[in-house]
Amino acid sequence: MTRQCIVRDLGRRAYTDALEIQHELADERKRGLGVDHLLFVEHPHVVTIGRNGHEHNLLASPEMLRRAGIELYETDRGGDVTYHGPGQIVAYPIMDLREWKRDVGAFVRGIEQVLIDALADFRIEAKRVEKLTGVWVGAAGAEAKIAAIGVHLSRWVSTHGWALNVTTDLRYFDYIVPCGLTKPVTSMEKLGVGADAEDVKNALVRRFGEVFEFEMQAEPALSFAH
C-alpha cells in the first residue's frame, strides 16, 4: 500500500510557531498516530544555532541582530548556524523513518536528492559536495550553497528539514558564517532563474513523493491556526 504524506503550507510564520506545530505532529507520529507531513513555511528574519553550533560563527552580537530585525534562537536540529528569511522556501518533513528506512544518513541523502531533482526542473545543475551536508552549485572548488539541511530525529521521527534560497536577500548571510563554512551562498534568483515560489514548491512536493515513495496530498493549514 502506498504511504501517504500530507502537504501543508503554513505561510509566513514565526520560527517558534512553526517549531510548536512540528512538535505536535512529531509527538503524534511517535505514538503511532496520524500520517507523515511535509510542511512549507516562510520565516521572518531569523538566525538559528543548531546542536553543533559555535558562537564564533555569529559575526554580529545579539544586539546587532536585534537592531537589524533578526531574531536569534538555539534549536535542536543538527548543523551549525543558519539564516531563514523572506524569499526562502523552508520545508519540514515530519516523517516516521521506521516506515521507510531506519537510516539517518539515507534520510539526509534523500533530502539532498529531492532538492537536486527539483532544481533540475528549473534547469539548475545542483550537486552534493563530499563530506558537506546541503546542496551546491558551481564548479569543483568554487561551489556556492543554494540549500541548507539540518534535521533532528527522536524515536525515528524527523523534525526540521531544509531551506532553499529562491529570492532570498543574501546580504543577511553576512551576519553569520553559514553552517560554519566559508563557502558563499547563492539563490535561484542570483543564478538568473526567476521561478515562482509556488512552482518551486510544487516541484519539491513531486520530487519528495518520488524519492521517499509517498502519495502526496495537499491539505489546508487552517487546523494549525494558533
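Annotations for the structure displayed:
- Test: residue in the range 19-26 that is of a type in the set (Gly, Ala, Ser) and at pLDDT below 95: no
- Residues satisfying the criterion are absent from the range 88-98 (criterion: of a type outside the set (Val, Ile, Thr), under 29 Å from ARG3 (Cβ atoms) and free of Cβ contacts under 8 Å to residues at least 24 places away in the same chain).
- Note on the range 106-151: residues that are surrounded by fewer than 13 Cβ atoms within 10 Å (Cβ to Cβ), modelled with pLDDT under 95 and not aliphatic (A, V, I, L, M) total 3.
- Residue ID - surrounded by the most Cβ atoms within 10 Å (Cβ to Cβ), chosen from residues in the range 50-75 that are closer than 23 Å to LEU115 by Cβ and more than 14 Å from the chain's Cα centre (by Cα): GLY53
- Every pair of residues 6+ apart whose Cβ atoms lie under 8 Å, when the first sits in the range 64-86 and is under 16 Å from ASN52 (Cβ atoms) while the second is of a type in the set (S, T, N, Q) and surrounded by fewer than 17 Cβ atoms within 10 Å (Cβ to Cβ): TYR73/THR16; GLY78/ASN52; GLY79/ASN52; ASP80/ASN52
- Looking across THR182, THR159, one residue alone is surrounded by fewer than 20 Cβ atoms within 10 Å (Cβ to Cβ), within 27 Å of GLU71 (Cα to Cα) and of a type in the set (Ser, Thr, Tyr). It is THR182.
- Condition broken by ASP117, with the remaining ones in (1) in contact (Cβ under 8 Å) with a residue 60 or more places away in the chain; (2) closer than 27 Å to ARG3 by Cα; (3) of a type in the set (D, E, K, R); (4) touching a strand residue (DSSP E or B) at 6+ places or on another chain (Cβ under 6 Å) satisfied: (4)
- Residue in the range 4-17 that is farther than 21 Å from PHE173 by Cα, part of a helix (DSSP H, G or I), in contact with a strand residue (DSSP E or B) (Cβ under 9 Å, 6 or more places away or on another chain) and in contact (Cβ under 8 Å) with a residue 24 or more places away in the chain present: yes
- When the range 169-226 is filtered for residues that are within 19 Å of GLY134 (Cα to Cα), β-branched (Val, Ile, Thr) and modelled with pLDDT of 90 or more, the ones remaining, listed by number, are VAL185, THR186, VAL200, VAL205, VAL211.
- Among the residues of the range 203-221, those that are surrounded by 16 or more Cβ atoms within 10 Å (Cβ to Cβ) and in a helix (DSSP H, G or I) comprise ALA203, LEU204, VAL205, ARG207, PHE208, GLY209, VAL211, PHE212.
- Count - residues of the range 29-68 that are among the small types (Gly, Ala, Ser) and either at pLDDT 95 or above or touching a Gly at 6+ places or on another chain (Cβ under 8 Å) (or both): 2
- Flag if THR133 is touching a residue at least 60 places away in the same chain (Cβ under 8 Å), touching a strand residue (DSSP E or B) at 6+ places or on another chain (Cβ under 9 Å), hydroxyl-bearing (Ser, Thr, Tyr) and on the phi < 0 side of the Ramachandran plot: no
- Residue, nearest to GLY87 (Cα to Cα), within the range 138-149, restricted to residues that are touching a residue at least 40 places away in the same chain (Cβ under 8 Å) and in contact with a helix residue (DSSP H, G or I) (Cβ under 8 Å, 6 or more places away or on another chain): ILE146
- The set of residues in the range 31-40 that are in a loop (DSSP other than H, G, I, E, B) and closer than 17 Å to ALA91 by Cβ contains only VAL35.
The values are calculated or read from the model by the stated rules, or taken from the named source; none is laboratory data. What you see is a predicted model, and the numbers here were worked out from it, not measured in a lab. So basically every Cβ, Gly included, is an ideal-geometry build from the backbone, and we count neighbours across all protein chains shown.
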